[in-house]
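Heads up: the structure comes next, in structure tokens.
The values are calculated or read from the model by the stated rules, or taken from the named source; none is laboratory data. Bear in mind the structure is a predicted one, so any value in this text is a computation, not a measurement. Reconstructed Cβ throughout: ideal geometry from the backbone, glycine too, with neighbour counts over all protein chains shown.
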Amino acid sequence: MNHTRVATVWLDGCSGCHMSLLDLDERVLDLADRIELVYSPLVDSKEFPEDVSITLVEGAVSTSDDAEKIRLIRERTTLLVSLGDCAVTANIPAMRNRFSVEAVLERAYVHNAAIGGQVPGIEVPRLLKRSRPVHEFVDVDRFLPGCPPPPEAIFNLMSELLDGRPTGSSIITRFGA
Amino acid sequence: MERTIVIDPVTRIEGHGRVSIFLDENGDVCDARLHVTQFRGFEKLCEGRPYYEMPSLTQRICGICPIIHSIASAKACDQILGVRVPDPAVKLRRLINCAQIIQSHAVSFFHLSLPDLILGMDYDRTKRNLFGVVERYPSIARDGIRLRSIGQETIKALAGKRIHPAWVVPGGVNEPLDSEDIDQVMSPLPEAMTIVRRTLDWFKNSLEEHREEIRFFANFPSMFMGLVNDLGNLEFIDGKLRLIDYKGDIVADSVQPERYADYIGESVKPWSYLKAPYYKPLGPEEGMYRVGPAARLNIVDGCGTPLADQEWAEFRSLGRGPALSSFYNHYARLIEILYAVETMEMLLNDPDIRSPHVRAVAQPNYEEGIGVVEAPRGTLVHHYKVDEHGLVTWANLIVATGNNELAMNRGIMQTAKRFLNGKDISEGMLNRVEAVIRAFDPCLSCSTHQVGETITSIRLLGPDGEVLSEAGPS
Ligand code: SF4
């Protein structure tokens with residue numbers, strides 16, 4: 001059987017959307033029979049490959065690296081899915097947007113440090129001024145809201161994309177679900 | 001010539017990090033660093049939010065262990081209210097936390113580390129993952145998927161949703177259980193017990209094959225820290241702090257969790273968004289301690305449940321003092337799953353678990369609250385200050401993984417020194433460096449987390465940063 005090349009990525013999120021994917025339990029194995037997971041936090045590939053059919057993106061775009069990465073992913077992906085509220089609306093990460101980047105960093109690394117208080121600046125990516133949803137950076141083909149989207153919704157969406165016929169994934173999830 | 005090896009991103013961990021290994025002019029490893037390169041800002045973004053939102057909000061720090069964040073948060077809020085949480089609610093929190101331990105430890109053991117443990121460190125990297133395990137050892141992989149699912153289903157039965165439910169609240173939990181819920185939680189426990197005992201037997205028999213990893217995966221003296229109950233036994237959601245030294249002697253005991261800041265200081269490394277806590281009296285150089293499953297089994301006087309106690313005794317007889325190799329975290333995780341299953345059985349037979357008195361209600365009465373718990377990965381602190389309306393004005397969080405920051409760096413260095421030489425880099429050697437990180441099961445999504453800084457592979461850099469060689473992608 002021809003395996004569809006699928007990737008999952010994780011930008012500024014909590015991993016809950018990936019965990020919801022694992023919440024398919026044994027059905028993960030049914031999916032695995034039909035797809036090849038070419039890039040994901042769950043496998044050992046270091047480089048986002050060319051020619052990926054479907055990429056599921058968890059999380060908002062919060063750093064210069066997230067932005068760079070999502071552009072490359074878009075270039076190499078046929079069908080890009082915003083998975084979960086953080087990807088769809090920037091959700092939790094966006095809650096920092098009402099403060100300046102400096103204020104947010106200083107709280108953690110200067111005020112709340114016993115010693116050596118300083119904002120890390122070497123070899124760590126720069127925070128964007130605001131955390132923003134994926135579609136503000138690149139075109140997104142499908143949106144699956146939920147915090148996280150329930151496994152049934154993810155399963156339906158994947159079946160839909162793999163079989164090319166609608167199964168109603170959107171009926172069983174909503175923002176904040 | 002000095003060079004740097006970069007592993008980017010570290011895979012099969014919960015979150016994202018990058019490792020730099022520095023080689024001196026002879027090609028020998030002279031330093032190593034773990035960079036955690038995403039920052040989420042929870043300590044600031046909580047500001048201005050009402051205290052009662054905190055359990056739901058802060059559990060979104062981590063989708064793998066949201067329950068324990070909600071409990072730490074609710075405990076801090078209990079103090080802000082100034083209430084004594086009804087006993088049944090304490091037991092219900094304990095019950096749901098056991099389900100979380102099963103689920104979270106199962107992900108770490110089966111989904112993330114088993115590929116290294118069973119397929120081997122040098123196995124084909126495109127198949128060195130859960131699906132590769134399914135191909136070769138389907139029954140073991142299915143055991144892992146099933147065990148995780150039992151944990152998650154229990155959380156759903158208790159709290160209505162598998163990930164980010166809103167059941168644990170300030171003052172207790174928001175709904176009592178009915179008989180149907182209890183039956184639903186009870187019924188898969190025998191199966192969970194069978195799976196964990198089978199896995200423990202298999203793993204103990206395979207320890208011999210991992211002699212090298214045991215010797216070199218962060219195997220060095222350090223202090224260990226965790227919570228214990230009044231009997232000195234394993235405790236996740238109440239209890240007091242205990243610290244021991246590498247010989248097993250108690251350094252501090254019965255420490256009220258509210259006094260955490262007298263014992264733990266946080267330092268900052270300019271190259272990582274992960275802060276590095278240390279034992280304050282000894283300072284940031286000497287004050288390295290470890291937390292997590294093996295640390296907990298090292299500090300306690302027992303688990304407090306019959307089967308886990310037997311396993312604990314066997315675990316403690318591995319060496320003369322505390323188990324010093326972080327490889328043993330894998331082993332300790334299985335023992336803690338066993339403890340969690342036994343504890344759940346016990347709790348479900350307690351009449352209190354059906355009580356309708358599950359929540360104490362009050363207005364905010366105090367300006368400050370501190371909740372300290374044992375997350376699957378170790379000690380977790382939520383500390384809030386609020387104004388007279390109960391709006392958060394300040395927050396400090398010490399996440400479990402952070403506590404291990406110093407030890408993880410030491411561990412990476414030790415493994416790199418043993419398995420790497422500057423002449424040729426093999427992918428399998430570098431996978432061992434990643435595997436020592438996996439043994440700590442760091443939750444970098446908790447601590448902050450990132451996707452590889454640049455999407456790349458394994459690079460060898462010269463002193464000015466030029467790429468000398470690349471290995472291993474695709
Ligand atoms: S949408 Fe919710 S579950 Fe998904 S990454 Fe964001 S906070 Fe986590």
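What the table shows:
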{"item": "Qualifying residue in region B:179-191 (condition: buried (at least 19 other Cβ atoms within 10 Å of the Cβ), under 28 Å from B:Ala308 (Cα atoms), within 16 Å of the ligand (Cβ to nearest atom) and among the β-branched types (Val, Ile, Thr))", "result": "no"}
{"item": "Residues of region A:23-51 satisfying the condition of being closer than 24 Å to B:Ile61 by Cβ and facing chain B (nearest Cβ under 7 Å)", "result": "A:Asp23, A:Pro41, A:Leu42"}
{"item": "Residues of region B:126-140 classified as without any contact (Cβ under 8 Å) to a residue 60 or more places away in the chain, touching a helix residue (DSSP H, G or I) at 6+ places or on another chain (Cβ under 6 Å) and facing chain A (nearest Cβ under 8 Å), total", "result": "3"}
{"item": "Counted residues, region A:59-77 - those being more than 10 Å from the chain's Cα centre (by Cα), more than 10 Å from chain B (Cβ to nearest Cβ) and within 16 Å of the ligand (Cβ to nearest atom)", "result": "0"}
{"item": "Odd one out for B:Ala166 among (1) more than 14 Å from every other protein chain (Cβ to nearest Cβ); (2) closer than 30 Å to B:Pro86 by Cα; (3) not acidic (Asp, Glu)", "result": "(1)"}
{"item": "For B:Arg296: the one exception among (1) in contact (Cβ under 8 Å) with a residue 40 or more places away in the chain; (2) more than 8 Å from chain A (Cβ to nearest Cβ); (3) over 16 Å from the mean Cα position of the chain (by Cα); (4) not in a loop (DSSP other than H, G, I, E, B)", "result": "(3)"}
{"item": "Region B:153-163, subset within 13 Å of another protein chain (Cβ to nearest Cβ) and surrounded by fewer than 22 Cβ atoms within 10 Å (Cβ to Cβ), residue farthest from B:Arg84 (Cα to Cα)", "result": "B:Glu153"}
{"item": "A:Ile172 vs. criteria β-branched (Val, Ile, Thr), at pLDDT below 95 and more than 30 Å from B:Ile264 (Cα to Cα)", "result": "yes"}
{"item": "B:Ile370 under 20 Å from the mean Cα position of the chain (by Cα) and not charged (D, E, K, R)", "result": "yes"}
{"item": "Matching residues in region B:95-113 - criterion: being within 12 Å of another protein chain (Cβ to nearest Cβ) and either not polar (S, T, N, Q) or not in a helix (DSSP H, G or I) (or both)", "result": "B:Ala106, B:Val107, B:Phe110, B:His111, B:Leu112"}
{"item": "Failed condition for A:Leu80, given (1) in a strand (DSSP E or B); (2) at the interface with chain B (Cβ under 7 Å from one of its Cβ atoms); (3) more than 16 Å from the ligand (Cβ to nearest atom)", "result": "(2)"}
{"item": "Tally of residues being of a type in the set (A, V, I, L, M, F, W, C) and more than 10 Å from chain B (Cβ to nearest Cβ) across region A:83-92", "result": "4"}
{"item": "Candidate set: region B:134-152, residues that are farther than 15 Å from B:Phe203 by Cα and of a type in the set (A, V, I, L, M, F, W, C); chosen: the one surrounded by the most Cβ atoms within 10 Å (Cβ to Cβ)", "result": "B:Leu147"}
{"item": "B:Arg359, sole failed condition from (1) more than 26 Å from B:Asn233 (Cα to Cα); (2) touching an Asp or Glu at 6+ places or on another chain (Cβ under 7 Å)", "result": "(2)"}
{"item": "Sole residue being outside any strand (DSSP E or B) and either within 15 Å of the ligand (Cβ to nearest atom) or in contact with a Phe, Trp or Tyr (Cβ under 8 Å, 6 or more places away or on another chain) (or both), chosen from A:Leu24, A:Leu56, A:Leu42", "result": "A:Leu24"}
{"item": "Residue selected from region B:299-324 under the condition among the hydrophobic types (A, V, I, L, M, F, W, C) and outside any loop (DSSP other than H, G, I, E, B), by the criterion surrounded by the fewest Cβ atoms within 10 Å (Cβ to Cβ)", "result": "B:Ala313"}
{"item": "The one condition in (1) away from the ligand (no atom under 16 Å from the Cβ); (2) over 19 Å from A:Pro120 (Cβ atoms); (3) of a type outside the set (S, T, N, Q); (4) touching an Asp or Glu at 6+ places or on another chain (Cβ under 9 Å) that B:Ile68 fails to fulfil", "result": "(1)"}
{"item": "Neighbours by Cβ (under 7 Å, 6+ apart or cross-chain): first from region A:91-105, more than 16 Å from the ligand (Cβ to nearest atom); second aliphatic (A, V, I, L, M)", "result": "A:Val101/A:Leu127; A:Leu105/A:Val119"}
{"item": "Selection from region B:13-53 of residues that are among the aromatic types (Phe, Trp, Tyr) and within 13 Å of chain A (Cβ to nearest Cβ)", "result": "B:Phe22, B:Phe39, B:Phe42"}
{"item": "Neighbours by Cβ (under 9 Å, 6+ apart or cross-chain): first from region B:243-271, within 14 Å of another protein chain (Cβ to nearest Cβ); second in a strand (DSSP E or B) and basic (Lys, Arg)", "result": "B:Lys269/B:Arg33; B:Trp271/B:Arg33"}
{"item": "Residue that is surrounded by the fewest Cβ atoms within 10 Å (Cβ to Cβ), among those in region A:1-16 that are more than 7 Å from every other protein chain (Cβ to nearest Cβ) and either within 12 Å of the ligand (Cβ to nearest atom) or within 9 Å of the chain's Cα centre (by Cα) (or both)", "result": "A:Thr8"}
